[in-house]
Amino acid sequence: MMSTLPRWKGVYKLYGGVVYVELSGGGYFPMPEIDTASFRLLRETGPGSLNAHVGVDRHHAYCGHRVVEDMNPDSVRFIGYGYYTDGRTTYYFPSATVRNPDLPWFLEIFQPNPLSWVYPMRRLPDSDRPYVAMEAIEAVTDGHYVYYEGERMQGGGAGLRPLRPYAPHASHGSTWANCDEYTRDGEGVYLGAKRLEIRADSSLFAFEGNFSGRENSYLVSPRDGMVYASGHPFEECHAPYRLISDYNEEVYHTLGLSYDGVYYYDPPWKRVVRAGDNPFASGDFREIAPLVFTDGSRVLYMARSETRWSRRTRWGGRGTGGKVLITENTELLELNLRAEGRVIALKAARESIFQLGDSVYLLGRFGRTMARRFSPIYRIADSATLAVLLESNYIRESEMERLLDEGKLVAPGHTQVLCARSLWPGAFLASWRHTVDYFSMESIYFDIWHVFTESLESNQVQVLLLLRSVMLLGFIFWRVGLMARGKL
């Protein structure tokens, strides 16, 4: 019922005379402390203003579900980039919720309504000068120090500026997301508030990968061929590295080619991993279309895929909450055909079309939703379909389904050359919670509660209930083992 109510003020909803805070990923949290008559959002304008989660009433200031007792609600104002001050006390109130660092995983599993997601906040040190927002980067300063996302930067000052963006193929519809987490001054390079062991250089550039946030932000140094992902350097002994393609936005991982292998950064585990041998080391490969490579006889192409676990409701049917993400994969595939004659690119845009001998192929960059349903590459069956696709700027999902049903697009055979895979640790928690759902969460609570706190009619019943719980745990570990081996 609550989810159907209109939004009251920002993330706050009024239901039954009580204010509830909507926690992204965590449901609703009651806030009976809020005075509904005097409550208002702080809607001041400024750089980076996203103020739907910060408000005041006549008693306190609030950041999401948190009561900020040491700020004067009458004088709180917005500085910029998530920072707020009352003239004496200054806080950083980011607009995105995060996993609750104070909630152990075992309590999250067995608590009926855990506070799994929270609004973070950080208090800045008191200063004899007012904090002001900087113009070049998303930070504030009091003239003594610079603070980025509530943390004091390890150096830097008024000369801080972002690294240059990288967009080599903007005219072809390829857009690399700019990365503003990397900054530099005259001497050093910084990731957020942390100073990196990298010398400042005007040739440095940064971009965001397809994993969101700083967990997949890249820094490239053309001077020495080094690549850094989220501040983690690719191994220097394998340098120099070359990015496999400038069309990074259509795959999950950015692959770095070295003389002795292909390497990628694994964001969930914060490590650089070797995906396999470098297939481009032997042969003169060129990129004839976005993510399509040939040396005149072999054709390699990149695609992305996912492994998801369908969650079920406790009543046995499919749940409406979607599927649990297990792995995200970036694959380098080879067509099971040898090129006869030249490989010719006919179209290099969102959907690439190239000719191999007498056959013409469509390489679709379909986006995350369509990529889960369709093969990344198809052979175009007739000239009429080819003419339509050459004129089309974007192929809709319904159009793809029609072409497949009519046999005008045919998926060719391919062989996997290598795969960059990231297993999300959150899938471990999801496997516990959703596997428990198979057996009905209420029944498991009932079993554990009665076995350990009450006397049942028979010791045999207690033994049976304990065995059932042990079997459940065994089933959970079996599922997690399958996920770790990529078989689920």
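Structure values in brief
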read-out	value
Which listed residue is modelled with pLDDT under 90, on the phi < 0 side of the Ramachandran plot and out of contact with any helix residue (DSSP H, G or I) (no Cβ under 9 Å at 6 or more places or on another chain), from Val132, Val98	Val98
Answer from Val146, Val68 - the residue that is in contact with a Ser or Thr (Cβ under 9 Å, 6 or more places away or on another chain), β-branched (Val, Ile, Thr) and modelled with pLDDT of 75 or more	Val68
Residue list for region 138-149, filter: touching a Gly at 6+ places or on another chain (Cβ under 9 Å) and either assigned by TED's automatic domain parsing to the domain that holds Glu181 or of a type in the set (D, E, K, R) (or both)	Glu138, Glu149
Looking only at region 301-346, and only at residues there that are over 27 Å from the mean Cα position of the chain (by Cα) and of a type in the set (A, V, I, L, M), the one that is modelled with the highest pLDDT	Leu335
Those residues of region 234-256 which are touching a residue at least 60 places away in the same chain (Cβ under 8 Å) and surrounded by fewer than 20 Cβ atoms within 10 Å (Cβ to Cβ), in sequence order	Asp246, Glu249
Which listed residue, of Pro240, Pro268, is within 21 Å of the chain's Cα centre (by Cα) and within 21 Å of Phe207 (Cβ to Cβ)	Pro268
Some residue of region 248-258 being of a type in the set (Ser, Thr, Tyr), closer than 30 Å to Asn336 by Cα and in contact with a His (Cβ under 7 Å, 6 or more places away or on another chain)	yes
Pairs, first modelled with pLDDT of 90 or more in region 207-233, second among the aliphatic types (A, V, I, L, M) and in a helix (DSSP H, G or I), C-beta under 7 Å, six or more apart	none
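Here is a yes/no grid of residues against (1) modelled with pLDDT of 85 or more; (2) in the same structural domain as Arg338 (by TED's automatic domain parsing); (3) over 23 Å from Leu300 (Cα atoms):
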residue: Asp358; (1), (2), (3): no, yes, no
residue: Phe366; (1), (2), (3): no, yes, no
residue: Ala371; (1), (2), (3): no, yes, no
residue: Glu391; (1), (2), (3): no, yes, yes
residue: Arg396; (1), (2), (3): no, yes, yes
residue: Arg402; (1), (2), (3): yes, yes, yes
residue: Leu409; (1), (2), (3): yes, yes, no
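The values are calculated or read from the model by the stated rules, or taken from the named source; none is laboratory data. Here the structure is a predicted model, which is why all the values come from computation and not from measurement. Here Cβ is always computed from backbone atoms with ideal geometry, including for glycine, and neighbour counts include all displayed protein chains.
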